[in-house]
Each structure stands twice: as C-alpha cells, then as structure tokens.
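A short write-up of the structure that comes next.
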Amino acid sequence: MAETRHTKVLIIGSGPAGYTAGVYASRAMLEPILVQGIEPGGQLTTTTEVENWPGDSEVQGPDLMIRMQDHAKAMGCEIIGDIITDLDVSSRPFTAKGDSGTTYTADAVILATGARAKWLGLPSEEKFKGFGVSACATCDGFFYRGQEIVVIGGGNTAVEEALFLTNFASKVTLIHRRDELRSEKILEDRLLKNPKIEPLWFHTLQEVVGTENPLGVTGVRVKHVKTGEITEIPCKGVFIAIGHAPASELVKDSLETHMGGYVKVTPGTTETSVPGVFAAGDLTDHVYRQAVTSAGMGCMAALDTERFLAAQDDGETDTTPAS
C-alpha cells in the first residue's frame with residue numbers, strides 16, 4: 001500500500017545545497033525529510049580532487065559528499081533514497097510523488113536538484129552512450145588505460161576532464177570550436193603544459209564512429225569551423241564536456257525560470273515565485289556554480305524556510321526574511 005509522509009520541510013536533492021539545508025533545517029528543529037534523487041551526492045560524486053573547498057587543501061569529491069550526508073543525518077535530517085517524479089506547488093501543503101510510490105506532503109519545499117551534463121544531441125553520440133561516449137571522466141576514465149581519448153569542450157569542465165583522463169590515457173585530444181579556452185587560468189596552464197594533451201582548435205564534433213558488433217567507438221569525425229574540412233581522429237573514448245544545464249524539469253511549468261531554465265529567486269534570498277518554495281545551488285545559479293556557493297545557498301534556503309514557517313504560525317502575510 002502506498003505510503004504518505006508529511007513533513008514541515010521537504011528538501012529535494014542531495015548535493016552541497018541540499019545537505020547544507022538539511023543541517024540548518026534540522027538545527028532549527030524543523031525535522032526535515034531530504035529525498036536524495038537520481039544522483040545521491042550530486043555532481044561532486046563524479047569529481048576526484050576538489051581543491052577549493054574551504055578547510056581542505058585537497059579532498060575527494062565523493063568523500064566530501066559522504067561527510068556532508070553524515071553531518072545532515074547526525075543533526076537529525078531524515079535522508080531517503082527516493083526520486084521525486086512529480087511536484088505540485090499549486091496549494092499548501094505541497095505534494096510530491098516519489099518513484100517508490102510514496103507521497104510526500106510538506107508545508108515548505110527546498111529545491112536543490114542541481115544541474116546535469118549537457119549533450120550535443122548528435123545521433124551517433126546517443127548511439128554510443130555507455131559504449132565509448134561519456135560525460136563523466138571520473139566514472140569511466142579507468143576503462144581507457146593506455147588508449148587515445150577525445151574530450152569535447154573548452155571550459156572548466158572540459159579542461160578538468162582532460163587533465164584527469166591523462167591518469168589513464170596514452171593521449172588526450174581536446175577539441176574546441178575556438179582557439180582559446182574559457183577555463184580558469186590555472187587550469188589552462190596545467191593543460192597546456194601537460195605532454196599527454198593535444199588541443200585541436202577551431203574544430204567541432206560531427207560524428208562518433210565505431211563498430212556495431214560489439215558496439216564500440218573507434219574514432220571521431222571533426223569539422224574545421226573555418227574551412228569545413230573533415231578530419232577523422234582515432235580514439236577509443238569520447239568525453240562530452242560542454243557544461244551543465246539546471247535540473248528544473250519538476251518545476252519548469254510551475255515556477256518562474258530564466259537564463260535557459262534556471263529557477264529564478266528574489267535577489268538576496270532563495271524565494272521562488274511561489275511562497276513557501278525555496279531554491280538553492282546550481283538549480284538557480286548560472287554565474288558561480290561552485291560547491292561552496294551552493295552550500296551557502298542551502299544555508300540561506302533553510303533560514304528563509306524557518307522564517308516563512310514562523311510567519312505562517314504567527315498568522316503573518318509578510319514572509320520577507322529579516323535583514
């Protein structure tokens with residue numbers, strides 16, 4: 001029989017924003033329920049060395065997320081391994097349906113669903129996903145020990161993936177449509193000094209080529225953006241690293257969004273267009289997109305939620321957070 005659970009605060013998502021919200025909401029005695037979603041721990045679980053988390057000169061991404069999860073749980077946050085498939089924010093209490101069959105009702109909701117990898121949308125890319133095409137070097141890099149690999153992109157994601165893949169690959173070709181990178185300077189310097197990495201400027205991916213039986217990648221066809229010339233590059237793995245898009249499918253039709261799907265919040269707060277629904281982390285942030293800023297927004301969301309619920313209890317209509 002399907003179960004219905006009620007909570008004062010339902011937190012959807014389990015990255016730095018979600019777990020930090022869980023810590024603060026628990027400390028405020030709100031007894032939150034956190035539903036982890038399809039990727040417990042979020043994007044940091046697919047990252048190896050994290051060098052910009054305050055207090056840790058270097059920490060493994062998965063280890064950091066386990067620590068955050070344990071911290072939230074220790075504070076009293078109930079953490080559930082479920083996936084929210086539907087969210088109704090048209091009236092309070094809000095209603096969320098889990099893939100497990102459980103229905104969650106909540107007086108307030110904190111959205112921390114983060115972002116996920118973008119894809120190019122090529123038929124051949126889709127065909128070879130999981131068979132030589134990937135968007136996660138830390139997940140799949142070890143499959144390509146001693147092999148030649150291609151990385152597509154020119155920002156932080158692409159450079160970080162390329163650098164990581166040199167731990168396994170004999171050669172990494174970074175394919176970028178321009179002749180300069182958009183990554184942080186320190187990452188660019190590391191990439192250009194790495195003897196295993198060869199940048200290929202002014203090219204775009206046209207097609208992934210490979211075998212049918214068994215299904216596997218043997219190379220890529222790339223196009224020069226100025227001359228139109230097609231070149232085939234042999235490789236065993238193709239890593240698409242062109243950034244991320246907000247995971248806003250649950251609320252794209254019920255909350256105000258902007259900048260290509262990011263949930264819009266009132267400046268200086270985590271308030272969305274629906275009172276009682278708050279959003280934090282990469283779901284709202286198209287500028288900074290850092291673990292530390294996501295965690296900060298998770299804190300803000302829990303404090304905003306606490307004030308909102310207190311105002312509701314007091315019968316107030318103005319739920320603007322105190323300055």
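The values are calculated or read from the model by the stated rules, or taken from the named source; none is laboratory data. The model shown is predicted, which means the values in this text are computed figures rather than measured ones. Positions of Cβ are generated from backbone atoms using ideal geometry, with glycine treated the same way; all protein chains shown enter the neighbour counts.
Condition test on GLU39, is it of a type in the set (Asp, Glu), in contact with an Asp or Glu (Cβ under 6 Å, 6 or more places away or on another chain) and under 24 Å from GLY141 (Cβ atoms)? Criteria not met by GLU39. For the stretch 27-59, a residue qualifies if it is of a type in the set (S, T, N, Q) and more than 24 Å from GLY276 (Cβ to Cβ), and the qualifying residues are GLN43, THR45, THR46, THR47, THR48, ASN52, SER57. Of the conditions (1) of a type outside the set (A, V, I, L, M); (2) part of a loop (DSSP other than H, G, I, E, B); (3) in contact with a strand residue (DSSP E or B) (Cβ under 8 Å, 6 or more places away or on another chain), THR218 fails just one. Which one is it? For THR218, the failing item is (2).
Taken over the stretch 14-35, the criterion of being assigned to a strand (DSSP E or B) and in contact with a helix residue (DSSP H, G or I) (Cβ under 7 Å, 6 or more places away or on another chain) is satisfied by LEU34 alone. Among strands (runs of 3 or more DSSP E) entirely within the stretch 45-119, having at least 2 residues that are of a type in the set (S, T, N, Q) singles out 103-111.
Of the residues making up the stretch 195-213, those that are free of Cβ contacts under 8 Å to residues at least 60 places away in the same chain, farther than 30 Å from VAL287 by Cα and not polar (S, T, N, Q) are PRO195, LYS196, GLU212. Given the criteria crowded, with 21+ Cβ neighbours inside 10 Å, within 22 Å of ALA117 (Cα to Cα) and outside the structural domain of HIS176 (by TED's automatic domain parsing), does VAL251 qualify? Yes. Reported count of residues in the stretch 215-261, each being in contact (Cβ under 8 Å) with a residue 60 or more places away in the chain and of a type outside the set (Ser, Thr, Tyr), is 22. ILE186 meets the stated requirement of being of a type in the set (Val, Ile, Thr), over 23 Å from PRO246 (Cβ atoms), surrounded by fewer than 18 Cβ atoms within 10 Å (Cβ to Cβ) and not assigned by TED's automatic domain parsing to the domain that holds GLY296.
Scanning the stretch 218-248 for residues that are farther than 25 Å from LEU165 by Cβ, surrounded by fewer than 18 Cβ atoms within 10 Å (Cβ to Cβ) and in contact with a Lys or Arg (Cβ under 9 Å, 6 or more places away or on another chain) yields a single hit, GLU229. Just one of the numbered conditions (1) surrounded by fewer than 22 Cβ atoms within 10 Å (Cβ to Cβ); (2) touching a residue at least 12 places away in the same chain (Cβ under 8 Å); (3) under 30 Å from GLY55 (Cα atoms) is not true of LEU283: (1). Give the residues of the stretch 1-27 that are surrounded by fewer than 18 Cβ atoms within 10 Å (Cβ to Cβ) and touching a residue at least 12 places away in the same chain (Cβ under 8 Å), sorted by residue number. The answer is ALA2, GLU3, THR4, ARG5, HIS6, ARG27. Only one of the listed residues (ILE79, ILE110, ILE152) is of a type in the set (A, V, I, L, M), surrounded by 15 or more Cβ atoms within 10 Å (Cβ to Cβ) and within 30 Å of ILE240 (Cβ to Cβ). That residue is ILE152.
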